[in-house]
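S.K.: Here it is, the structure in full.
Any read-out appearing in this document is the output of simple, stated calculations on the displayed coordinates, not a laboratory observation. If you're wondering where the values come from, they're calculated on a predicted model, not measured in any experiment. Cβ: placed from backbone, ideal geometry, glycine included. Neighbour counts: every protein chain shown.
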Amino acid sequence: MYEIIRKEQLSDAIVMMEVKAERVAKSCLPGQFVIVKIDERGERIPLTICDYSREKGTVTIVFQTVGVSTHRMGALEQGDFFRDFVGPLGNYCEWIDEPAEELQKKKILFVAGGVGTAPVYPQVKWLHSKGIAADCIIGARNQSLVILEDEMRAVAENLYVTTDDGSYGMKGNVNDCIKKLVREENKSYDMVVAIGPLIMMKFVSLLTKELGIPTIVSLNPIMVDGTGMCGACRVAVGNEIKFACVDGPEFDGHLVDFDQAMKRQQMYKTEEGRRYLKEKEGATHHGGCGHCE
Amino acid sequence: MDVLKRVPVREQDPAVRAHNFDEVCLGYSLEEAKAEADRCLKCKNPKCQTGCPVNIDIPRFIGKVSEGDVEGAYHVISEYSALPAVCGRVCPQESQCEAKCIRGIKGEAISIGKLERFVADYAREHELRPVVQAEKKNKKVAVIGSGPAGLTCAGDLAKNGYDVTIFEALHEPGGVLVYGIPEFRLPKDTVVKSEIENVKALGVKIETNVVIGKSVTIDELLTEEGFSAVFVGSGAGLPKFMGIPGENANGVFSANEYLTRNNLMKAFTDDHDTPIAAGKKVAVVGGGNVAMDAARTALRLGAEVYIVYRRGEEELPARVEEVHHAKEEGVIFKLLTNPKEILVDENGWVKGMRCVQMELGAPDASGRRQPVEVEGSDFTLTLDTVIMSLGTSPNPLIVSTTKGLEANRRGCIVATEETGCTSKEGVFAGGDAVTGAATVILAMGAGKAAAKGIHEYLSEK
């Protein structure tokens, strides 16, 4: 059992939890993920690692309450437990193995979309701890969905915030901001790391390809075991089929087949949505809501 | 009674069981078991025992059953095996112990598997546990993976007094016994849980949610966590796909995924959250035991199911009993058929599979006749789900994170058959991680050999 030692509501539907998980906290690095399972009947939910403390033996996760399992998880409070918490899974960021002096010379731009800000944060923080400066863009639909802004500001060289509706920061999407930085402010970047919704990563990758900037994206597809056994997380990268759990989760954004990944993401949407509605409305659920037949 | 014939075992009616997940085989009653045991010739030189990968003294346990001493029979079996209720259900006895039975020369071999199952079930129902009497040795051994190889190795080491901890990557112990083999062949809450409890009763600790190579490495177990030896029984690995067009469409699964969702995550029950896109018209590609399990699972979830296999009936690698059960339940066999392409609709979902007829040509190096395509015989199956059951390739995780642990060209860990010894001192391995996908009992045999190897290694050290 894994205790929740701190819970914070980051927005209406985004929750942050610091969880006691000694083995994961001891060995995890930026870029990796965990799988959590609330109880006996819960799903195995893959979540990126937002932060960790080797001293306290804790790992911080951030998730959006979208399906039945994440809604149940969101209802947990400080002092409650997850039945299962396994990791770290997947590979840590490739650049972590690069010598610090090489990394010093690189100018990296991080692009975080919505909940994707959570997995970007430990990467920027890790670089900051080695004295390496990096810029970061946080994009969200509106102000209430901008998360971890203060934390990010403390570790990023320059932080830019964009909102689709202009309710906070620059009005527009992350691509508008990238264009502004590169084309108007003449900033040059050696690498872009983009983490967020698939559609955002797709369009960032299209833009950076045009701009000639190598780009890394982090995928979080449907998976079951997270150790290579089920193959649910397969994704087309270049001409190859990769398993996000053992080959990723980070891939070359210019090679990922995002359209296929988006279709695969939909696979259980209806089943999961149906199950949630059935649970919520019980015997009163007879359809007609537009979400199911 | 005809001594040449077996006492038949009761089974659920095929028409009924095709719609539920209850166990197919109902097992012997005490009277039936005694009658079957009485058929044993009690050979002076028992061939059956040589056919058993864990070398169970079969005539001795059958003799006890025949006397009505089921408890005694249980203690005979548990000297050799930690998982008799599992083995009695899923071992391919017809090609092992029963294949060597002298009674089988003229008549039908003794139903050794069904008798083993009867004894193990009796023991569970009467709460009999294996007896431990070993003196505690002050040495820690780590076992990686809680499948058949790991449980057997851990059980044998604990019987020898070692302080054993099993590390399991998933949230439940049991490996393939819980994620792979379905409920209707191997009930989880009764049979599997109880066998694992028996291993724990020997003093074995199980730590779930630990991925060796990620959460902690083998080198760290040996240096920082004080383990004197490690057994790697991490299982088969990554599912294979065919590499045909359309394979990444929604509705194409590996058998591993389909079975894991259903068995481990219990998607077939209403009160578990994990979904499964069960399908209405399902093709399972492959002809092994895993393919039969996937097909019979899809059938129970309400689908019309095809097995698509490129060779003929005789070449099906699955156990005859499994093929027979699948047919009885209504699985349709499309033999000498090979998929060419998965057809995908505009939303990215499977809508069919283009296949081609095959015929058997000349035998290849392995002696099996090679299937070759019949030109112009393409046809299309209308489907919404395809399950690929083509075997696995090794998971590189442990080899790539353990210094000095050698793998062969295919990526399997290199280990000796007699002792499980690997290229790295103190590290032993066995089961599917070494051989590639095989059977429960072969993995148990390897776990047993490695336990002996580890005991010898630590005794000399």
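S.K.: May I ask for the percentage of alpha-carbon pairs in the stretch B:261-391 that lie more than 23 Å from each other? Working shown, then result.
M.R.: Details: 3082 of 8515 pairs.
It works out to 36 percent of all Cα pairs.
S.K.: Specify the longest stretch of chain B that does not include any exposed loop site, a site being one of the GluC sites (Glu not before Pro) with a non-H, G, I, E, B DSSP assignment and at most 14 other Cβ atoms within 10 Å.
M.R.: Values: sites that count: B:Glu127, B:Glu135, B:Glu224, B:Glu225, B:Glu346, B:Glu375, B:Glu406, B:Glu417, B:Glu418, B:Glu425.
In short, B:1-126.
S.K.: Between helix A:269-281 and chain A, what is the angle of the helix's C-alpha long axis to the longest principal axis, kept within 0 to 90° and rounded to the nearest 10?
M.R.: 50
S.K.: For B:Ala438 and B:Ala35, FRET efficiency with R0 = 45 Å and r from the beta-carbon atoms, rounded to 0.05?
M.R.: So, using R0 = 45 Å, E works out to roughly 0.85.
S.K.: Given 20 Å bins starting at zero, what is the percent of C-alpha pairs of the protein assembly as shown in each, up to the one with the largest pair distance?
M.R.: P(r) for the protein assembly as shown, in whole percents per bin: 16, 46, 31, 7, 0.
S.K.: Over the stretch A:4-106, consider all pairs of different Cα atoms and compute the Kirkwood hydrodynamic radius from their mean reciprocal separation; express it in Å, one decimal. List each step's numbers first, then the result.
M.R.: Values: mean 1/r = 0.0694 Å⁻¹.
Here the Kirkwood hydrodynamic radius works out to 14.4 Å.
S.K.: Suppose R0 equals 30 Å; then what is the FRET efficiency for A:Leu211 and A:Val66 from their Cβ-Cβ distance, rounded to the nearest 0.05? Could the numbers behind the result be given before it?
M.R.: Values: r = 32 Å, r/R0 = 1.08.
The computed FRET efficiency comes out at 0.40.
S.K.: If the chain between B:Thr416 and B:Ala15 were fully stretched, how many nm would it gain, using 0.36 nm times the residue separation less the Cα-Cα distance?
M.R.: Working: separation 401, 0.36 × 401 = 144.36 nm, distance 4.67 nm.
The span from B:Thr416 to B:Ala15 would gain 139.7 nm if fully extended.
S.K.: So, one more: List the relative contact order of chain B as a percent without decimals, with contacts defined as Cα pairs under 8 Å and 6+ residues apart.
M.R.: Working: 996 pairs, mean separation 72.0, N = 461.
Over chain B, the number comes to 16 percent.
S.K.: Pop the C-beta distance of B:Glu456 and B:Asn55 into the FRET formula with R0 = 25 Å and round what comes out to the nearest 0.05.
M.R.: 0.90
S.K.: Quote the Stokes-Einstein diffusion coefficient, in whole µm² s⁻¹, for the stretch B:259-314, based on the Kirkwood radius over alpha carbon pairs, a temperature of 25 °C and a viscosity of 0.890 mPa s.
M.R.: Details: Rh = 11.9 Å.
Estimated diffusion coefficient is 206 µm²/s.
S.K.: For the stretch B:114-247, what D do you get in µm² per second when you plug the Kirkwood radius from alpha-carbon pairs into Stokes-Einstein at 4 °C and 1.567 mPa s?
M.R.: The Stokes-Einstein estimate is 80 µm²/s.
S.K.: Please report the relative contact order for the stretch A:2-89, taking Cα pairs under 8 Å with a sequence separation of at least 6, and give it as a percent rounded to a whole number. All intermediate terms of the calculation are to be shown ahead of the outcome.
M.R.: Values: 195 pairs, mean separation 35.3, N = 88.
So the answer I get is 40 percent.
S.K.: Under a point spin-label approximation (7 Å from Cα along Cα-to-Cβ), what is the B:Asp378-B:Glu304 distance to one decimal in nm?
M.R.: Label-label distance for B:Asp378 and B:Glu304, simple model: 2.3 nm.
S.K.: Round to the nearest 10 and give me the degree value, 0 to 90, for the angle of helix A:117-129's Cα axis relative to the longest principal axis of chain A.
M.R.: Helix A:117-129 sits roughly 40 degrees off the main axis of chain A.
S.K.: Could you give log10 I(q)/I(0) at q = 0.16, 0.28 Å⁻¹ for the stretch B:122-190, computed by the Debye formula over C-alpha point scatterers of equal weight, without solvent?
M.R.: With one equal scatterer per Cα and no solvent, log10 I(q)/I(0) is -0.69, -1.15.
S.K.: Run the dipole for the protein assembly as shown about the Cα centre, Lys and Arg Cβ at +1, Asp and Glu Cβ at -1, nothing else charged, and hand back the magnitude in debye, nearest 20.
M.R.: Details: 89 positive and 107 negative charges, 172 e Å.
The calculated dipole for the protein assembly as shown is roughly 820 debye.
S.K.: Which whole number of Å³ per residue matches the convex hull of the alpha-carbon atoms in chain B?
M.R.: Values: hull volume 74.9 nm³, N = 461.
Taking only Cα atoms, chain B has a hull volume of 163 Å³ per residue.
S.K.: Given A:Lys105/A:Lys125; B:Lys5/B:Lys47; A:Lys7/B:Lys188, which pairs have Cα atoms separated by over 25 Å?
M.R.: On the way: A:Lys105/A:Lys125 17 Å; B:Lys5/B:Lys47 19 Å; A:Lys7/B:Lys188 35 Å.
Among A:Lys105/A:Lys125; B:Lys5/B:Lys47; A:Lys7/B:Lys188, the Cα-Cα distance tops 25 Å for A:Lys7/B:Lys188.
S.K.: Report, ordered by chain and residue number, the lysines lying within cross-link reach of A:Lys171, taken as a straight Cα distance under 17 Å and ignoring same-chain residues fewer than 8 apart.
M.R.: Excluding near neighbours in sequence, the set is A:Lys179, A:Lys180.
S.K.: For the stretch A:51-157, give the magnitude of the charge dipole about the Cα centre (Cβ charges: +1 Lys/Arg, -1 Asp/Glu; no others), in debye to the nearest 20.
M.R.: Working: 11 positive and 15 negative charges, 35 e Å.
The calculation lands at about 160 debye.
S.K.: Here is a follow-up. Which of the GluC sites (Glu not before Pro) found in the stretch A:1-83 are loop residues per DSSP with 15 or fewer other Cβ atoms within 10 Å of their Cβ?
M.R.: Working: sites: A:Glu3, A:Glu8, A:Glu18, A:Glu22, A:Glu40, A:Glu43, A:Glu55, A:Glu77; in loops: A:Glu40, A:Glu43, A:Glu55, A:Glu77.
Listed in order of number, the matching sites are A:Glu40, A:Glu55, A:Glu77.
S.K.: Explain nothing, just the number: relative contact order of chain A, from Cα pairs under 8 Å at least 6 residues apart, as a whole percent. Let's see the in-between values first.
M.R.: Values: 603 pairs, mean separation 44.7, N = 293.
The normalised contact order for chain A reaches 15 percent.
S.K.: Rounded to whole Å and sorted largest first, list the principal axis extents of the Cα atoms in the stretch A:22-82.
M.R.: Projected onto its principal axes, the Cα set of the stretch A:22-82 covers 31, 25, 18 Å.
S.K.: Additional query: What percentage of all Cα-Cα pairs in the stretch A:94-218 are separated by more than 25 Å? Let's see the in-between values first.
M.R.: Details: 1227 of 7750 pairs.
Result: 16 percent of Cα pairs exceed 25 Å.
S.K.: Right, something else. Are there trypsin sites (Lys or Arg not before Pro) in the stretch A:130-228 that DSSP marks as loop and that have at most 15 other Cβ atoms within 10 Å, and which are they?
M.R.: Working: sites: A:Lys130, A:Arg141, A:Arg153, A:Lys171, A:Lys179, A:Lys180, A:Arg183, A:Lys187, A:Lys202, A:Lys209; in loops: A:Lys130, A:Arg141, A:Lys187.
Those that pass, being in a loop and sparsely packed, are A:Lys130, A:Arg141, A:Lys187.
S.K.: Which number do you get for Rg(Cα) / (2.2 N^0.38 Å) in the stretch B:9-128?
M.R.: Numbers: Rg = 14.0 Å, N = 120, 2.2 N^0.38 = 13.6 Å.
Dividing the Cα Rg of the stretch B:9-128 by 2.2 N^0.38 Å gives 1.03.
S.K.: Please average, across the residues of B:249-261, the number of beta carbons from any other chain that are within 10 Å of each residue's own beta carbon, and give a whole number. Write down the numbers at each step before the final one.
M.R.: Numbers: counts 4, 8, 1, 3, 4, 6, 2, 7, 10, 3, 1, 6, 5.
Across the residues of B:249-261, the mean count of other-chain Cβ atoms within 10 Å is 5.
S.K.: What is the angle, in °, between the Cα long axis of helix A:198-211 and the longest principal axis of the Cα atoms in chain A? Nearest 10 is fine, range 0 to 90.
M.R.: Relative to chain A, helix A:198-211 is tipped by roughly 10 degrees.
S.K.: Please report the Cα spread of chain A along all three principal axes, rounded to whole Å, starting with the longest.
M.R.: If we take the Cα atoms of chain A, the spans are 60, 45, 41 Å.
S.K.: Here's another thing I want to ask about it. Taking the Cα-to-Cβ direction at B:Glu220 and at A:Asp150 and moving 7 Å from each Cα, how far apart do the two end points lie in nm?
M.R.: 3.2
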